[in-house]
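**Student:** Here it is: the structure, laid out below.
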Amino acid sequence: MKILDWLSEYRRDWLRPDLLAGVITAAVVIPKAMAYATIAGLPVQSGLYTALVPMVIYAVLGSSRVLSVTTTTTIAILTGANLALVAPGGDPETLLRATATLSLLVGAVLAFACVLRVGFFADFISEPVLCGFKAGIGIVIVLDQLPKLLGVHFPKGSFLENLLALFQSLPETSVTTLAVGLAMMALLVGLKPVKWIPAPLVAIGAGIAAMVLLGLEQYGVETFGDIPRGLPALTLPDVSLIAQLWPGALGIALMSFTETVASARAFARSGDPGLRPNQELLATGMATVGGAVLGAMPAGGGTSQTAVNLMAGARSQLAGLVTGGVTLLTLLMFAPFISHMPQATLAAIVIVYSVGLIQISEFRAILAVRRTEFVWALAAFAGVMLLGTLKGVLVAVILSLVSLAYQVADPKVYRLGRKRGTNVFRPISAEHPDDETFAGLLMLRPVGRLFFVNGQRVADKLRVLINEAEPRVVALDLSAVFDVEYTTLKMFAESEARMRARGISVWLVGLDPEVLTAVRRSPFGLAVGEERMFFNLDQVVARHLATEPTR
């Protein structure tokens, strides 16, 4: 497992963009972390602790260069639901101990999953699913920030509930807040093409200056308010709560890993090293364990702050270390300044950088190639919005697997012809009417792995083609079959016996070494015999033409 390998590849010209990206991302992470803490029913300092230790630990252990690891809305919601079971009264001390226990359990589950090497689960998240995930999460993030841009408030619910509530709240819009938000968005968009100017940082400075100099608070523009200062104290877990919290910890761990990997893959650039899912399990697990001793919430890769980190120009994990450092300085000395930042400024930054996640061109590219994967992308897109991040991705992944399972269960079986004047054998089709066939010889090619799920279906397809052609010889080209299992070999043996009784001879062609070994050991191979096994279809045609004329 490669730890800190990015240091050996670090380039001097990455330093400035990493420093700026770290500072800019901190301006997004810090307020959001405090907001997540309130969602979980925790003191706001718990959110700051979550933006401090997990961020630093992940930067050391993680494999993604731009992933910002603190926590997410869904993890905060799940954390709050689990904490409510053990600390219904909301006592701060009890909550912090329960949080430490829950985070420790989640981190332990993630680390143990790394030991079991179950990171392969990430391979079930395909590119079309990622495309839909990014677009869906982009819209969810924008909708989540619009109330702050408008200066309205309503209880958060599902995507549709939030959308309806937003429309109902439009008459209550704070004109001054909206003006600040739109001005920040115009500033961000205007400065975005100028690469050497950190537009989000300029917007943050302009927002804080406007609040202080113009007294915008008296016109209804909201800020983040007081941020507690000082280093956190150690918080010990309560082992008596483990029995009540471990089931919830499993769900949060699954959420953390899924969101972390999905976000890391969604924001990976073409030149970045490949994501290592098992290392992500360890990095996220250790980040969560490290934060647990400070009473931090379970950690996970966040989409909005990762989008900001990427768009702000982050080149490596150093940006995460800088974000953690700024969080520490905020706890010690910068809190009074950050507390004056308008919420509309943060909303403008998040919206401007999240809109880029919605790439219509990616959907068009998928549709142009394959309609099935386009459906997967739409499923992820709709699922993230309507069901939430984890459920939406899981629905798309399940749909992908079901579709793939159907394809595996129903493999293609092609009847082959030879391109005239060549040794190219290809499926017979209306596009190639001049391809050669040979009287008495039927060449068939099944494709894929042949096993108990699809063996009977393949046998049925072969039988239909054989009955239509009524050949004397059936040449079964297995060059496109990479594995054949006992159940299928048994079916083939039974079919061969029936065809032999009808005077039809079965020849086998193009068996790879593993398939050949399995066939030779089976009754099917014994019945066919070595003399009817060929390396390629050229040999089959040559042998057949010795006794049959070309048609």
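**Student:** Could you give the angle, 0 to 90 degrees to the nearest 10, between helix 175-191's Cα long axis and the longest principal axis of the Cα atoms of the chain?
**Tutor:** Tilt relative to the chain: about 60 degrees.
**Student:** So who's got an amide H within less than 5 Å of the one on residue 297, skipping anything under 5 residues away but keeping other chains? H placed 1.01 Å off N, in plane.
**Tutor:** Under 5 Å from the amide H of residue 297 lie the amide H atoms of 50, each far enough along the sequence or on another chain.
**Student:** What nm distance separates the two modelled labels at residue 219 and residue 423, each placed 7 Å from Cα along Cα→Cβ?
**Tutor:** My value for the distance between the label points is 8.3 nm.
**Student:** Under a plain spin-label model, where a point goes 7 Å from the Cα along Cα-to-Cβ, how far apart in nm are residue 465 and residue 387?
**Tutor:** Using points 7 Å along Cα→Cβ, the separation is 3.7 nm.
**Student:** Continuing with the same structure: Kindly provide the helix-only [θ] at 222 nm of the chain, computed as the sum of -39,500 (n - 2.57) over DSSP H runs of four or more divided by all residues, to the nearest 500 deg cm²/dmol?
**Tutor:** Roughly -20000 deg cm²/dmol at 222 nm, from the helical runs in the chain.
**Student:** Right, here's the next one. For the stretch 205-276, which trypsin sites (Lys or Arg not before Pro) pass both filters: DSSP loop (anything but H, G, I, E, B) and at most 13 other C-beta atoms within 10 Å?
**Tutor:** Those satisfying the criteria are 269.
**Student:** Still on this model: Quick one: 310, 7, 187, fewest Cβ neighbours within 10 Å first, how do they rank?
**Tutor:** 7, 187, 310
**Student:** Describe numerically, in nm with one decimal, the distance between label points set 7 Å from Cα along Cα→Cβ at residue 359 and at residue 172.
**Tutor:** 3.8
**Student:** A further question follows. Taking Cα atoms of the stretch 413-545, Rg/Rh with Kirkwood Rh, to two decimals?
**Tutor:** 0.94
**Student:** Which FRET efficiency value, to the nearest 0.05, is calculated for residue 486 and residue 197 with the Förster distance at 51 angstrom and r the Cβ-Cβ distance?
**Tutor:** 0.15
**Student:** When only DSSP loop residues count, what trypsin sites (Lys or Arg not before Pro) in the stretch 323-421 have their Cβ near at most 13 other Cβ atoms within 10 Å?
**Tutor:** Passing both the DSSP loop test and the Cβ count: 370, 412, 419, 420.
**Student:** With axes computed from alpha carbons, what is the tilt in degrees of helix 127-150 against the longest principal axis of the chain, rounded to the nearest 10 within 0 to 90?
**Tutor:** The answer is roughly 20 degrees.
**Student:** Using the scaling law 2.2 N^0.38 Å as the reference, what is the normalised Cα Rg of the chain?
**Tutor:** On the way: Rg = 30.5 Å, N = 551, 2.2 N^0.38 = 24.2 Å.
The value comes to 1.26.
**Student:** Okay, moving on. With respect to the cross-link table entries 419/461; 148/391; 156/192; 391/412; 134/391, which display a Cα-Cα separation exceeding 21 Å?
**Tutor:** 419/461; 148/391; 156/192; 391/412
**Student:** So, one more: For a distance above 17 Å, tell me the whole-number percent of Cα pairs in the stretch 457-515 that qualify.
**Tutor:** Cα-Cα pairs of the stretch 457-515 separated by over 17 Å account for 37 percent.
**Student:** Only Cα pairs under 8 Å and at least 6 apart count here; give the relative contact order of the chain as a rounded whole percent.
**Tutor:** Worked out over the chain, it gives 23 percent.
**Student:** Using +1 on the beta carbon of Lys and Arg, -1 on that of Asp and Glu, and nothing else charged, what's the dipole of the chain about the Cα centre, debye to 20? Can you show the working numbers first?
**Tutor:** Details: 43 positive and 39 negative charges, 222 e Å.
Charge dipole, the chain, about its Cα centre: 1060 debye, nearest 20.
**Student:** Loop only by DSSP, 16 or fewer other Cβ within 10 Å of the Cβ. Give me the trypsin sites (Lys or Arg not before Pro) in the stretch 109-177 that pass, ordered by residue number.
**Tutor:** 117, 156
**Student:** If I fit a long axis through the Cα atoms of helix 486-501 and take the longest principal axis of the Cα atoms of the chain, what angle between them do I get, 0 to 90°, rounded to 10?
**Tutor:** 20
**Student:** If you rank 114, 131 by fewest surrounding Cβ atoms within 10 Å, what's the result?
**Tutor:** Ascending Cβ contact count within 10 Å gives the list 114, 131.
All of the numbers you see were taken from the coordinates with simple rules; none came from a lab. Not measured: the values here are computed from a predicted model. Neighbour counts run over all protein chains shown; Cβ positions are idealised from the backbone, glycine included.
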